[in-house]
């Protein structure tokens, strides 16, 4: 069956059969999915449950591959790619938007200056 015909729905999006069965080789592959949906699957392999702090984090659209024995590395990638902080709190990892610290001199960050 050609790849275009071997698709199935998962969490409301379409994936080819290779992506849908990637978990069998210790990888979880996702394409254009909400982070909240991805976390449902990743949490089966995580030492601690990973949760989104709020809807702004949960609704991020992610694509990529998670190696099931390197969830910590994947979380670090999310922090870098989306400007998140992963905070261990009360037996879980909470993903939240990073807070930008003001420069030491008290002036606004360069990205806030027009």
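Since every read-out is calculated from the coordinates, none of them should be taken as a lab result. Computed from a predicted model, the values in this text were never measured in an experiment. Neighbour counts run over all protein chains shown; Cβ positions are idealised from the backbone, glycine included.
Odds and ends about this structure:
- Label separation (residue 98 vs residue 76): 1.4 nm, computed from points 7 Å beyond Cα along the C-beta direction.
- Fewest-first sequence of 59, 68 by Cβ atoms within 10 Å of each Cβ: 59, 68
- Residues 82, 30 arranged by fewest to most Cβ contacts within 10 Å: 82, 30
- Potential lengthening between residue 55 and residue 85 on full extension [0.36 nm per residue; Cα-Cα distance subtracted]: 9.3 nm
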